[in-house]
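Each remark here refers to the structure printed beneath this line.
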Ligand code: HDD
């Protein structure tokens, strides 16, 4: 007889059902289940006397509170999670025997998105790489795909991970700056360590400031191995493709959101799911022959600082993921979820990528500190949905009541159980490490020669971007290096930029007031890979946030029509009025001029020109920090500021039945891209059309030189 699994026995597992997971409607108890009738007063020697040590409820309550926090993740501390499901197309079955990739199989998933550098309470919209970690609860065990929104990594060998992380974390003396790469130690490291140039280029691009977790690609980064049912192997790179397209903030939005709504991405994800605009991604793989070289078109597939352009190896789609449920409890789920690249299922295996190899050690190790012991996989969020029958025993926070006397193998006392898969239990295929020939080699600390090219793909990436995106990259490097105090660091990074692209280097050098150096290696003429650009295309607009500016005297019919049309198109309308309360149709005001900021809206429909109370005008001008153009005397300066910011951020502004000169009055051009005068009937359609291309790109200046 095998040791019973928690599910199978229904007895030995964690008895979750007995716990007050949703205590509303029942009486308060101690942790031991004793009902309580007072939790507001400590037990004292008289109402004004000292508190008694015997107050066991007080001591339990305070002691537990004192230990409520666990260590935050050493990286990726700030995150947001969601539940969902993965539906397989079956197309992966040709090369992979994993059961969850068979046609039509639906697998529950939990995804955690994150920033890398900041601590748990840091802001969402900082410039950073984003984590994209997915836990598949398959019937053959848990598979974790622990990726990022950038397909390349900072370093080639995991032994460098503490170095890169120490460099980007706040300086150890004063612990500043928080969640920032714009400081000396980070640029000191990456300019010294040129293999980091590929990753830094990607996150200096717009990928470093995503509009939403829902609008990011995800990448497994490393090359993995897939094993077909007949044992043949392929090398693959995983890609997540968002249905809504890949979109970013502009820098002004990112900065404003850090202050005005530090939970910008977390809120966006949760609210979209709550509104039924379920985020979706398709999972795809680039597939390569598993040969001895493990190279493809000159690209070393074991080098995690390189990616394979989709132009060379198209992404083949194998399934779809839908996130449709928010966590019920942040701590229990999003904080306690424990990912590990070594959580693999039969059919998927690792390669010798030296970054991946070190990760295989690091993740279990970190959970032991973070989650207080080796039994973290028994936490509900980590619990496999497949039956578990391990021989791991005891340890801190053990929640299983294991039966039997022989948790070792082989044994003859517990009926020889557990069997090895394939012996007694033939039903589930076992995990088989892919046999691999390891070349006779010298034991050494070193890299293959193919790891030495640190620049050619960086040049290719930069030159493949659209001109506006290149401008953003120039501005990002100028900002980041402009925040470095050390001139030697700035100069060394300029040298790296010279080796990438002379134009980029010159633009940044100009901003820094430093001479642009000449390249000291040959800058390669590279093929372009336009697929890395985010520009162009029309995309679904589900869950995009539309600000509707109304006043308390805007007719009910107008509000009803605008809101209904917005809902019809899957937009999320937010009603913005001078003060709180309800509007004529009875709808509650979502934002007031005091609480609204441009960053919250993807587009704005102005159904009412809002004026301030006459006596508060001067005061409001000062508070809004806006100089009202002469034509805008009657307008509330906060509305002027909102619209001016929205204009700068490339957002559609649609007015409904406003004065002919409205745009000029608020200091915008009378006519221009994305400035629309509409009727109540056409306003939402006009907005939706503009939103489909994410932003009014024509607004941004493109330098001519
Ligand atoms: Fe890592 C967390 C992604 C390299 C060590 N990593 C972590 C998370 C993501 C990644 C998304 C957050 C998971 C979550 O939401 O809980 N890490 C990556 C990617 C890498 C990478 C895509 C390279 C391709 N990581 C990497 C290396 C090491 C680590 C080389 C160590 C040598 N990573 C960790 C960690 C973390 C972690 C310290 C912190 C918290 C955790 O694991 O659970 O072990």
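Go through segment 357-370 and count every residue that is more than 22 Å from the chain's Cα centre (by Cα) and either over 29 Å from residue 292 (Cβ atoms) or more than 7 Å from the ligand (Cβ to nearest atom) (or both). Spell out the reasoning first.
Restricting attention to segment 357-370, the residues satisfying the condition of being more than 22 Å from the chain's Cα centre (by Cα) are 357-358, 361, 365, 368-369.
Pick out the ones that are also either over 29 Å from residue 292 (Cβ atoms) or more than 7 Å from the ligand (Cβ to nearest atom) (or both) and you get 357, 361, 365, 368-369.
Of the residues in that region, 5 qualify.
A single member of 118, 79 is at pLDDT 95 or above, surrounded by 22 or more Cβ atoms within 10 Å (Cβ to Cβ), under 24 Å from residue 276 (Cα atoms) and within 14 Å of the ligand (Cβ to nearest atom), and it is 79. Scanning segment 311-321 for any residue that is outside any strand (DSSP E or B) and under 14 Å from residue 220 (Cα atoms) turns up at least one such residue. Within the span defined as segment 360-376, one or more residues are buried (at least 16 other Cβ atoms within 10 Å of the Cβ), part of a loop (DSSP other than H, G, I, E, B) and without any contact (Cβ under 8 Å) to a residue 60 or more places away in the chain.
Being buried (at least 18 other Cβ atoms within 10 Å of the Cβ), more than 11 Å from the ligand (Cβ to nearest atom) and over 24 Å from residue 95 (Cα atoms) holds for only one residue in 309, 346, 327, and it is 327. When residue 513 is tested against the conditions (1) in contact with a helix residue (DSSP H, G or I) (Cβ under 6 Å, 6 or more places away or on another chain); (2) surrounded by fewer than 16 Cβ atoms within 10 Å (Cβ to Cβ), the lone failure is (1).
Confirm whether residue 399 is assigned to a loop (DSSP other than H, G, I, E, B), within 13 Å of the ligand (Cβ to nearest atom), over 24 Å from the mean Cα position of the chain (by Cα) and surrounded by fewer than 21 Cβ atoms within 10 Å (Cβ to Cβ).
On the way: assigned to a loop (DSSP other than H, G, I, E, B): yes; within 13 Å of the ligand (Cβ to nearest atom): no; over 24 Å from the mean Cα position of the chain (by Cα): yes; surrounded by fewer than 21 Cβ atoms within 10 Å (Cβ to Cβ): yes.
Spelling it out, it is not the case that residue 399 is assigned to a loop (DSSP other than H, G, I, E, B), within 13 Å of the ligand (Cβ to nearest atom), over 24 Å from the mean Cα position of the chain (by Cα) and surrounded by fewer than 21 Cβ atoms within 10 Å (Cβ to Cβ).
Within segment 131-150, residues that are touching a residue at least 60 places away in the same chain (Cβ under 8 Å) and on the phi > 0 side of the Ramachandran plot have Cβ atoms under 9 Å from residues that are in a strand (DSSP E or B) and near the ligand (Cβ under 9 Å from one of its atoms) in no pair, counting only partners at least 6 apart in sequence or on another chain. Might you let me know whether segment 691-699 holds any residue that is on the phi > 0 side of the Ramachandran plot and within 34 Å of the chain's Cα centre (by Cα)? Yes.
Of all residues in segment 138-179, those satisfying the criterion of being away from the ligand (no atom under 12 Å from the Cβ), within 24 Å of the chain's Cα centre (by Cα) and within 30 Å of residue 429 (Cβ to Cβ) are 138, 142, 143. Within segment 28-48, restricting attention to residues that are surrounded by 10 or more Cβ atoms within 10 Å (Cβ to Cβ) and not in a loop (DSSP other than H, G, I, E, B), the residue that is nearest to the chain's Cα centre (by Cα) is 29. Against the criterion of being within 16 Å of the ligand (Cβ to nearest atom) and surrounded by 15 or more Cβ atoms within 10 Å (Cβ to Cβ), residue 354 qualifies.
Whether any residue in segment 54-75 is within 16 Å of the ligand (Cβ to nearest atom), assigned to a strand (DSSP E or B), under 30 Å from residue 478 (Cβ atoms) and under 26 Å from the mean Cα position of the chain (by Cα) is what I want to check. Before the answer, list the steps.
Taking segment 54-75 first, the residues within 16 Å of the ligand (Cβ to nearest atom) are 69-75.
With assigned to a strand (DSSP E or B) added as a condition, the list becomes none.
The answer is no; no qualifying residue exists.
The set of residues in segment 546-564 being surrounded by fewer than 23 Cβ atoms within 10 Å (Cβ to Cβ), in contact (Cβ under 8 Å) with a residue 60 or more places away in the chain and touching a strand residue (DSSP E or B) at 6+ places or on another chain (Cβ under 9 Å) consists of 558 alone. Exactly one residue out of 206, 173 is farther than 26 Å from residue 343 by Cβ and free of Cβ contacts under 8 Å to residues at least 40 places away in the same chain: that is 173. For segment 180-198, the criterion of being within 9 Å of the ligand (Cβ to nearest atom) and within 28 Å of residue 283 (Cα to Cα) is satisfied by no residue at all. Being out of contact with any helix residue (DSSP H, G or I) (no Cβ under 8 Å at 6 or more places or on another chain) and assigned to a helix (DSSP H, G or I) holds for only one residue in 439, 496, 506, and it is 506.
The values are calculated or read from the model by the stated rules, or taken from the named source; none is laboratory data. Remember, predicted model here, so these are calculated numbers, not experimental data. Every residue, glycine as well, gets a Cβ built from its backbone with ideal geometry; the counts of neighbours run over all protein chains shown.
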